[in-house]
Amino acid sequence: MWVRSTMTYRTSFVLVTLGSAGISLLDFVAVLIMFAHVDALGGFSVGEVGLLYGTSSLSLSLAQLVMGPMERLGSRIRDGSLDAMLVRPVPLFLQVAADRFALRRLGRALQGGGVLGWALASLELDWSPGRVLLLVMMVLCGAVIFGALFTLGGVFQFWAQDASEVQAAFTYGGNALLQYPPTIFGRELVQGVTFVVPLAFVNWLPALRLLGREDPLGLPGWVDFLSPVVAAALCGIAAVAWRAGVRSYRSTGS
């Protein structure tokens, strides 16, 4: 329904999508401006930073396309409109995820994919089937990890009711963090996004393996391939938390 509504005005859809891609591209323009004054950032070249930027942005955009409506769960809880979803013969999770589905978010995906393609062309990596699989796994598992974080942020709103900014700190804020090399951040921060909120598995650890670089934490090499395991574990945690949140829901009382 939402897709058909969007495509009713095709020219508007194209313009909004391209505008979204253009605005998102300004983030990477800022990176290029930095490299106009330095040769490397934390030991990473502009192409390597582009790889980090592209994979993180593409993963987030895919998760946002599917799970972005979770940000509005708090408003539905506050005004009581979530009650209408609960009485429909469709799983609540699917309804919330599809609520006001915005196809224009493809603009961010186009921008992230474009930067990723440019970075891969500039790096001239020695490709093998294993490296191609690692790259695909990095993007897809990163999207699942971000999707799980969107869900957990939505679950938190069952109790907080107005916590979209808390959710954004881990999703959009995490994306901004992952667009830059881990070597420019303090060791404690890198440990936090590896062992506490495992954002490092979105792209940092797999990208280090892809680029042939050493892990700043000195972790065993097999850790770089754990993104699917981390993504599956986060999905399990999100599923359990979602059920607990729905069971705790008591409507607005109005």
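Rule-based calculations on the coordinates, nothing more; no lab input. All values reported here derive from a predicted model rather than from experimental measurement. Note that each Cβ is placed from the backbone with ideal geometry, even for glycine, and that neighbours are counted across all protein chains shown.
For this structure, a couple of remarks:
- The gain in end-to-end length when the Ile33 to Val14 segment is fully stretched comes to 4.0 nm, 0.36 nm per residue minus the alpha carbon separation.
- Given the choices [x] 34, 18, 17; [y] 33, 22, 16; [z] 27, 22, 16, semi-axes √(5λ) of the Cα gyration tensor in Å derived from the coordinates of this structure is entry [y].
- Estimated vicinal HN-Hα couplings, Hz - segment 88-102 in sequence order (Karplus 6.51, -1.76, 1.60; Gly, Pro = x): 7, x, 9, x, 4, 4, 5, 5, 5, 5, 8, 4, 6, 3, 10
- Segment 5-112: trypsin sites (Lys or Arg not before Pro) falling in loop per DSSP and having at most 10 other Cβ within 10 Å: Arg100
- Loop trypsin sites (Lys or Arg not before Pro), segment 165-254 (other Cβ atoms within 10 Å of the site Cβ: 13 or fewer; DSSP): Arg250
- Helical runs (DSSP H, four residues minimum) scored at -39500 (n - 2.57) apiece and divided by the length of the chain put the mean residue ellipticity at 222 nm at -21500 deg cm²/dmol.
- Point-charge dipole on Cβ atoms (K/R +1, D/E -1) for segment 9-248, about Cα centre, debye to 20: 820
- Using a Förster distance of 30 Å, the FRET efficiency for Ala84-Met7 (Cβ separation, nearest 0.05): 0.70
- Degrees between helix 46-67 axis and first principal axis of the chain (Cα, 0 to 90, nearest 10): 10
- Relative contact order, whole percent, for the chain stands at 28, derived from Cα pairs under 8 Å and 6 or more residues apart.
- Whole-Hz Karplus values for segment 237-242 come out as 5, 5, 5, 5, 5, 4 Hz, taken residue by residue from phi with 6.51 cos²θ - 1.76 cosθ + 1.60 and θ = phi - 60°; glycine and proline positions read x.
- Note on segment 1-108: Cα-Cα pairs beyond 23 Å make up 48% of the total pair count.
- Karplus-derived 3J(HN,Hα) values for segment 222-234, using 6.51 cos²θ - 1.76 cosθ + 1.60 with θ = phi - 60°, are 5, 5, 5, 9, 8, 4, x, 5, 5, 4, 5, 5, 5 Hz; glycine and proline are entered as x.
- In this simple spin-label model, placing a label point 7 Å from the Cα along the Cα-to-Cβ direction at both Leu103 and Arg72 gives a separation of 1.7 nm.
- Between helix 10-35 and the chain: long-axis angle, C-alpha atoms, 0 to 90°, nearest 10: 40
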